[in-house]
Amino acid sequence: MKKLLPILSICLLMGMAGIGAGQTAPTAAPTPGQRIMPRRNQPERPRSGQIARPVKPDGKQPNWQPDGYIPGVPETAAAADARAREMFETAKGLLRRRKPDEALLVLKKLELQEPKRFEVHHLLGVTYGMLRRPEDAAASFLKATIFNTKSADSFSGLCFMLAETGRRIEAVDACREAIRLAPERLRFRTQLAELYLFDERVEEAIRLLENDRSSQNELPYLGMLGDAYYVNSEYAKAAQIYEKIRRGWPAVSIVYLRLAGVYDYLERPAEAIAAARKFAEMESTLAMAHFNLGMVFQSSGFFFESIDSLVKTVDLDRANGSAYLALSESYETVGDKENALGSLRHAYKYLPEKTFELSYRYGKALAEDGYREEAVEPLERAYAMRPHPETMRALGFAYIEVKQYDKGVELIEKANELSPLPPGISIDLTRIKKRDQLLDRFDQIVEEVRRNPNSLKAHFEAQEIYLFKGMVKEAELHGLEMLRLAPDDARNWNGMGIFYANNGQIEKALEMTRKAIELNPHHVLYITASFHLAKLGRVDEAIEALKKSISIKPLLESHLALGDLWLKKGNRQEALREFQAGLQLGPNDIRPNFRLAWLYVRMGDKDGALRQYQSLQAIAPDQVGALKMAIRAHFRLSLP
């Protein structure tokens, strides 16, 4: 069942206390689970007789006794009654000012003085409710109904708090009693309907509301009826109700949130976006409003626009895991892997439930971007939930990269048995499997280095064996010794660059790669240098390195990487040129085709987007769904 925010559920606590005068509804839309009370603009009643002394400097509790009261002196019955009334009004005044802790102190004293006054127990129920103590609130409301069996407000409060504690059946009975005692009160009927909705008794809620002909122009009634239709998937009826609310009460912001939802389900994207945008404009400081707009954009095919709205969401709410997850999906759809990984990292951090999909996507993205050690934990979690072959392979490779060779080989071989790789694709595990033989020669290799300290082969084997043993510092020393013995061999410098990069030392990796380039200006070494520079955030230098690589030997991968860097700098025209150059080198490769298609969409180039879409339909027909949606949305085209 869809979990809806009640559109105008009456604020039972304040209303039942009789303290709504002068209070207004919050202008911001609710967070999930927050209830909204209707706006009330009556002037605040004077609170005569309220004596509120400040907290003493010594930090003791304030003395809330009225003037003229002397503790320990017997009072007449009339004086005691006057004092009780004054304390009662004091408590109500404190609740008006949202000070339930202080009101509770007054009411507990009053309860000792007047243990059978239902009003005291009723107001205690309200106070406990404001303090988020539903069990205590329910007990107080129950006492109020015992001392006054005709208080509809007390039965309503009891219903509310029983529902908060999960006692649904008792809550329904209490709400029905409130309706029996005051059948003219709309609040009680909408309260029961809301209870039915959240208890998944949708048809009963609809019958209750549809049979109430006397309230059809009341905002709480309309809001609850619209919600009931929404939950029951009767979106057209819900839209009619919400539109009626929008026309009659255009300042009620949450109705635009509801309209965005129903129009999204009805596949009317223009109206859904307009409503979501209006809600975001009215509630510009509310993270949920921008999240909703981002999700509507995403479901309508406006992925770049969804990114903008979701970024606003996380700017307002840094711990919004759902927004980060949606943001990662939009980034991934348009081919921005770097930002997709960053968003996944935050989603994994903040979402309490680590689902298989989230764990697998995050672990795989980490491994693909070189964060292999970090990838192990989410991939292990994914494997525990769903041990299918792709998860096994991803986790197996991660294990190998973090030196857990036996576990890695076992998983990869098991995955290949369950789901053989396509023809022409193989995984060579020979070197990994022979490590035992190498480890058996450990003493022999160490002795060989001692006897022949100038042997490159001996140092190479020593470095390899120390890496297998996870002894990184020792492996580094042998690598540096190889550089000393053969300083003019670019392969040794490149090898140490790879060593440092695999161990997260990017600055040192860049230094080694640049030395290799001095000795051998190979196009691949420039690509490697560009990768390191980009990791370090030195985008301009990374661009120059890729330009140099392309001048030596133009490769598809080089042009795509250079285009991605130009996009990172916001230069779409240069990115377009590089992607087009990549397409010339690989016209049937999906990578340049997808990059060009999404760039054309972003630039508003309908013809270019259609051209690439048609190419992709022939190359990868099962991967063009999101692109098709985006072209339809941006260019209002009907695609087959």
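The values are calculated or read from the model by the stated rules, or taken from the named source; none is laboratory data. Computed from a predicted model, the values in this text were never measured in an experiment. Here Cβ is always computed from backbone atoms with ideal geometry, including for glycine, and neighbour counts include all displayed protein chains. Accessible surface areas use protein heavy atoms only, side chains included; no ligands, DNA or RNA. Shrake-Rupley method; radii C 1.70, N 1.55, O 1.52, S 1.80 Å.
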Among the candidates 366, 316, residue that is in contact (Cβ under 8 Å) with a residue 24 or more places away in the chain and farther than 28 Å from residue 506 by Cα: 316
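Restricting to the stretch 429-448, and then to whatever is of a type in the set (Val, Ile, Thr) and either in contact with a Phe, Trp or Tyr (Cβ under 9 Å, 6 or more places away or on another chain) or surrounded by fewer than 18 Cβ atoms within 10 Å (Cβ to Cβ) (or both), can you tell me which residue is farthest from residue 416 (Cα to Cα)? Outline the logic, then answer.
So in the stretch 429-448, the residues of a type in the set (Val, Ile, Thr) come out as 430, 432, 445-446.
Narrowing further to those that are either in contact with a Phe, Trp or Tyr (Cβ under 9 Å, 6 or more places away or on another chain) or surrounded by fewer than 18 Cβ atoms within 10 Å (Cβ to Cβ) (or both): 430, 432, 446.
Working: 430: 15, 432: 16, 446: 36 Å.
Filtering the stretch 429-448 for residues that are of a type in the set (Val, Ile, Thr) and either in contact with a Phe, Trp or Tyr (Cβ under 9 Å, 6 or more places away or on another chain) or surrounded by fewer than 18 Cβ atoms within 10 Å (Cβ to Cβ) (or both), the one farthest from residue 416 (Cα to Cα) comes out as 446.
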Take the conditions among the charged types (D, E, K, R) and over 30 Å from residue 428 (Cβ atoms) and apply them to residue 364. Does it pass? no
Subset of the stretch 331-362 [hydroxyl-bearing (Ser, Thr, Tyr) and either without any contact (Cβ under 8 Å) to a residue 12 or more places away in the chain or assigned to a loop (DSSP other than H, G, I, E, B) (or both)]: 355
For the stretch 408-462, enumerate the residues that are over 30 Å from residue 375 (Cβ atoms), in a helix (DSSP H, G or I) and basic (Lys, Arg). 450, 451, 457
What's the total number of residues in the stretch 450-462 that are buried (at least 19 other Cβ atoms within 10 Å of the Cβ) and either hydrophobic (A, V, I, L, M, F, W, C) or free of Cβ contacts under 8 Å to residues at least 24 places away in the same chain (or both)? 3
For the stretch 513-525, does any single residue satisfy the condition of being assigned to a helix (DSSP H, G or I) and within 36 Å of the chain's Cα centre (by Cα)? no
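Scan the stretch 153-167 for residues that are surrounded by fewer than 21 Cβ atoms within 10 Å (Cβ to Cβ) and in a helix (DSSP H, G or I) and jot them down. Working first, answer last.
Residues of the stretch 153-167 surrounded by fewer than 21 Cβ atoms within 10 Å (Cβ to Cβ): 164-167.
Correct list: 164 only.
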All but one of (1) aliphatic (A, V, I, L, M); (2) surrounded by 16 or more Cβ atoms within 10 Å (Cβ to Cβ); (3) touching a residue at least 24 places away in the same chain (Cβ under 8 Å) hold for residue 539; state the number of the condition that does not hold. (2)
Return the residues of the stretch 544-564 that are farther than 15 Å from residue 602 by Cβ and surrounded by 22 or more Cβ atoms within 10 Å (Cβ to Cβ); say none if nothing qualifies. 545, 546, 549, 558, 559, 560, 561, 562
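Does residue 262 satisfy being buried (at least 16 other Cβ atoms within 10 Å of the Cβ) and assigned to a loop (DSSP other than H, G, I, E, B)? Lay out the reasoning, then the answer.
Details: buried (at least 16 other Cβ atoms within 10 Å of the Cβ): yes; assigned to a loop (DSSP other than H, G, I, E, B): no.
No: the conditions fail for residue 262.
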Does residue 318 meet the test of being touching a helix residue (DSSP H, G or I) at 6+ places or on another chain (Cβ under 7 Å) and open to solvent by 30 Å² or more (accessible area, probe 1.4 Å)? no
Being surrounded by fewer than 17 Cβ atoms within 10 Å (Cβ to Cβ) and over 30 Å from residue 334 (Cα atoms) is the requirement here; does residue 232 meet it? no
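How many residues, within the stretch 199-219, are closer than 22 Å to residue 173 by Cβ and out of contact with any Lys or Arg (no Cβ under 7 Å at 6 or more places or on another chain)? I'd like the intermediate steps shown before the answer.
Start the filter on the stretch 199-219 by keeping residues that are closer than 22 Å to residue 173 by Cβ, which leaves 199-209, 211-212.
When the remaining residues are screened for being out of contact with any Lys or Arg (no Cβ under 7 Å at 6 or more places or on another chain), the result is 200-207, 209, 211.
Of the residues in the stretch 199-219, 10 are closer than 22 Å to residue 173 by Cβ and out of contact with any Lys or Arg (no Cβ under 7 Å at 6 or more places or on another chain).
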Are any residues in the stretch 274-306 of a type in the set (Val, Ile, Thr) and either in contact with a strand residue (DSSP E or B) (Cβ under 7 Å, 6 or more places away or on another chain) or open to solvent by 10 Å² or more (accessible area, probe 1.4 Å) (or both), and if so, which ones? 285
Could you please tell me which pairs satisfy a Cβ distance under 6 Å, a separation of 6+ or placement on different chains, a first residue in the stretch 614-640 that is under 12 Å from residue 598 (Cα atoms), and a second residue that is among the small types (Gly, Ala, Ser) and assigned to a loop (DSSP other than H, G, I, E, B)? 629/301; 630/301
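Pick out the one residue from 149, 190 that is modelled with pLDDT of 90 or more and of a type outside the set (Gly, Ala, Ser). Explain how you work it out, then say what you get.
Details: 190 fails: modelled with pLDDT of 90 or more.
None of the other options fit; the residue is 149.
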Looking only at the stretch 256-275, count how many residues are closer than 30 Å to residue 185 by Cβ and without any contact (Cβ under 8 Å) to a residue 24 or more places away in the chain. 1
Across (1) among the polar types (S, T, N, Q); (2) closer than 28 Å to residue 191 by Cα; (3) open to solvent by 40 Å² or more (accessible area, probe 1.4 Å), residue 253 clears everything bar (3)
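Mind counting the residues in the stretch 467-500 that are of a type in the set (D, E, K, R), open to solvent by 40 Å² or more (accessible area, probe 1.4 Å), more than 16 Å from residue 442 (Cβ to Cβ) and in a helix (DSSP H, G or I)? Please lay out each step first, then the result.
So the first thing to find is which residues in the stretch 467-500 are of a type in the set (D, E, K, R), and the list is 469, 473-474, 476, 481, 484, 488-489, 491.
Next, from what is left, pick out any that are open to solvent by 40 Å² or more (accessible area, probe 1.4 Å): 469, 473-474, 481, 484, 488, 491.
Adding the requirement that they be more than 16 Å from residue 442 (Cβ to Cβ) leaves 473, 481, 484, 488, 491.
Still in the list and also in a helix (DSSP H, G or I): 473, 481, 484, 491.
Count: 4.
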Odd one out for residue 477, checked against (1) under 30 Å from residue 406 (Cα atoms); (2) of a type in the set (A, V, I, L, M); (3) in contact with a helix residue (DSSP H, G or I) (Cβ under 8 Å, 6 or more places away or on another chain): (3)
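Within the stretch 542-640, considering only helices (runs of 4 or more DSSP H) that don't extend past its boundaries, which have at least 2 residues that are of a type in the set (D, E, K, R) and touching a Phe, Trp or Tyr at 6+ places or on another chain (Cβ under 9 Å)? Spell out the reasoning first.
On the way: elements: 556-568, 572-585, 590-603, 606-619, 625-635.
Output list reads 572-585, 590-603, 606-619.
Quick check on residue 335: is it more than 11 Å from the chain's Cα centre (by Cα), under 20 Å from residue 595 (Cβ atoms) and open to solvent by 40 Å² or more (accessible area, probe 1.4 Å)? Steps first, answer last, please.
On the way: more than 11 Å from the chain's Cα centre (by Cα): yes; under 20 Å from residue 595 (Cβ atoms): yes; open to solvent by 40 Å² or more (accessible area, probe 1.4 Å): yes.
Yes.
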Residue check for residue 384: at pLDDT 90 or above, buried (at least 17 other Cβ atoms within 10 Å of the Cβ) and small (Gly, Ala, Ser): no
Of all residues making up the stretch 123-144, the number that are within 16 Å of residue 102 (Cα to Cα), open to solvent by 10 Å² or more (accessible area, probe 1.4 Å) and free of Cβ contacts under 8 Å to residues at least 60 places away in the same chain: 4
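Kindly indicate whether any position in the stretch 488-505 is of a type in the set (A, V, I, L, M, F, W, C) and touching a residue at least 40 places away in the same chain (Cβ under 8 Å).
Just the residues of the stretch 488-505 that are of a type in the set (A, V, I, L, M, F, W, C), to begin with: 490, 493, 496, 498-499, 501.
If we keep only those that are touching a residue at least 40 places away in the same chain (Cβ under 8 Å) too, we end up with 501.
Yes: one or more hits.
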